[in-house]
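The values are calculated or read from the model by the stated rules, or taken from the named source; none is laboratory data. Nothing here was measured: the structure is a model prediction, and the numbers come from that model. Methodologically, a virtual Cβ is constructed for each residue, glycine included, from the backbone with ideal geometry; neighbour enumeration extends over all protein chains shown.
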Amino acid sequence: MDLIFEPLTQMGCMTYLIGSTSEKQAWLIDPSLKEAERYDALLKQRGLKLNGVIDTHAHADHLSGGPKLMDLTGCHYIMHSSAKPKDVSDRVEDGSELSLGGVKIKFIHTPGHTEDSLCILLDDKLITGDTLFLDDGGAGRTDLPGGDPADHFESLMKLSKMPDNLIVYPGHDYRGRRPSTLGEQKQRNPFFKPKTKDEYVHFLQELHLGPADWMKLVLQANFDCTRDPKSVDIPQGVSACEAMGTLSDCAASQEIQYMDATDIKKKMDAGWKPFLLDVRETPELYAELGHLPGIKHISVKEIAHRLDEIAQHKNEEIISICKMGGRAKTAAQVMSEAGFSKVIVLTGGMTAWNQAGLPVVRDTVTA
């Protein structure tokens, strides 16, 4: 068989190798800059010439290896026609095709996560970039620069009309999921559940996720086609592009307890000592609303992957806190599904706490 297809990463930012045995040429899909030289050496070891790097979109959570590999090998650097990286050599449109020997790929323009997002169809495989992840991983965020929830809904509707037997290979996976069919994703992935554009936009608005400043710096570095892997300080182990807050059916069905700010304060003054978990973004802790003293801070977008840090509190009463209650509920549902039996949401979040005139602090917290 002429086709070479191999995922080169197992978790996190996914990179795929597509090649032709007869032509002894290959494409790399979404390689990271920090791995560029390793991939160059790997291809040479296998006797494959790198024909092109294909970025499914301008990345916000890691630096692209496309420009560096273009320098190292003379390969093409391929993206959608709307992509902003300045050194892209070849631009494709919806429906464009490329071939290496008997290996053919087709591009599907799927804006939403970013304006330039692409999916790639290869035989029975669908490489989805950040347009679609697996299961409760949901899909890529639409609140980054260039993202658009309405466009993303239309892109998912486009995917929903494709054959169920296609195997989905996402651009990210943070939980060790195995590829599954598109048909399974239509049934299991919560991003396919809203049936109208308005429902979908509301669904995304409820996630309340704002882009971190460092992600904007990464985007700009990728627009500038940096070759310096240290040009931006990128946090490690963060599921940054995943629209966290997406829940499995089991998690979404968890019944959550609520408690008013005044009741919490009254009980704490009487000696009650719940574990306080604030799931907002870091800058919010030091902004006008402040935070409660003695909190543990884990952002809602990281909670599913950091439960081991609070495992010792599994059987204690936990107060889940955010700005108004939405993100705290999401975190509470994730914790409840994982066996945390006494999770309580602060009704109205820190907004209600401040409105009640209760004390806050703005000093350092335990991350």
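When P194, P190, P145 are checked against the criterion of being surrounded by 18 or more Cβ atoms within 10 Å (Cβ to Cβ), touching a residue at least 40 places away in the same chain (Cβ under 8 Å) and of a type outside the set (D, E, K, R), P190 stands alone in meeting it.
To keep it simple, each residue is scored yes or no on (1) surrounded by 21 or more Cβ atoms within 10 Å (Cβ to Cβ); (2) touching a residue at least 12 places away in the same chain (Cβ under 8 Å); (3) assigned to a helix (DSSP H, G or I); (4) among the small types (G, A, S).
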| residue | (1), (2), (3), (4) |
| --- | --- |
| L289 | no, yes, no, no |
| A304 | yes, yes, yes, yes |
| S320 | yes, yes, no, yes |
| G339 | no, yes, no, yes |
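Picking from residues in segment 45-60 that are more than 26 Å from E93 (Cβ to Cβ) and touching a strand residue (DSSP E or B) at 6+ places or on another chain (Cβ under 9 Å), the one that is surrounded by the fewest Cβ atoms within 10 Å (Cβ to Cβ) is R46. When you check Y39 against the structure, is it closer than 23 Å to L134 by Cβ and not hydrophobic (A, V, I, L, M, F, W, C), yes or no? Spelling it out, it is not the case that Y39 is closer than 23 Å to L134 by Cβ and not hydrophobic (A, V, I, L, M, F, W, C). If the condition is being more than 12 Å from A26 (Cα to Cα) and free of Cβ contacts under 8 Å to residues at least 24 places away in the same chain, then segment 95-120 contributes G95, S96, E97, K106. The condition of being buried (at least 24 other Cβ atoms within 10 Å of the Cβ), part of a loop (DSSP other than H, G, I, E, B) and not hydrophobic (A, V, I, L, M, F, W, C) does not hold for T9. Taking the criterion of being over 21 Å from K104 (Cα atoms) and among the acidic types (D, E), the residues of segment 118-168 that qualify are D130, D135, D136, D143, D148, D151, E154.
Every residue, every condition in (1) without any contact (Cβ under 8 Å) to a residue 12 or more places away in the chain; (2) in contact with a Cys (Cβ under 8 Å, 6 or more places away or on another chain); (3) not in a helix (DSSP H, G or I), yes or no:
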{"residue": "L17", "(1), (2), (3)": "no, no, yes"}
{"residue": "V53", "(1), (2), (3)": "no, yes, yes"}
{"residue": "T56", "(1), (2), (3)": "no, yes, yes"}
{"residue": "H62", "(1), (2), (3)": "no, yes, yes"}
{"residue": "M70", "(1), (2), (3)": "no, no, no"}
{"residue": "A83", "(1), (2), (3)": "no, no, yes"}
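Of all the listed residues (K44, K49), the sole one being touching a Lys or Arg at 6+ places or on another chain (Cβ under 7 Å), more than 14 Å from I127 (Cα to Cα), of a type in the set (D, E, K, R) and free of Cβ contacts under 8 Å to residues at least 60 places away in the same chain is K49.
Residue-by-condition table, conditions (1) within 23 Å of L307 (Cβ to Cβ); (2) at pLDDT below 90; (3) among the charged types (D, E, K, R); (4) outside the structural domain of G290 (by TED's automatic domain parsing):
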residue: I321; (1), (2), (3), (4): yes, no, no, no
residue: M324; (1), (2), (3), (4): no, yes, no, no
residue: A332; (1), (2), (3), (4): yes, no, no, no
residue: K342; (1), (2), (3), (4): yes, no, yes, no
residue: M350; (1), (2), (3), (4): yes, no, no, no
residue: R362; (1), (2), (3), (4): no, yes, yes, yes
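V218 meets each of the listed conditions (1) in contact with a helix residue (DSSP H, G or I) (Cβ under 6 Å, 6 or more places away or on another chain); (2) modelled with pLDDT of 85 or more apart from (1).
Among the aliphatic types (A, V, I, L, M), surrounded by 20 or more Cβ atoms within 10 Å (Cβ to Cβ) and within 26 Å of L156 (Cα to Cα): which single residue out of M79, M70 fits that description?
Criteria check complete, one pass: M79.
G101 passes all but one of (1) surrounded by 20 or more Cβ atoms within 10 Å (Cβ to Cβ); (2) at positive phi; (3) modelled with pLDDT under 95; which number fails? Against the list (1) surrounded by 20 or more Cβ atoms within 10 Å (Cβ to Cβ); (2) at positive phi; (3) modelled with pLDDT under 95, G101 comes up short only on (1).
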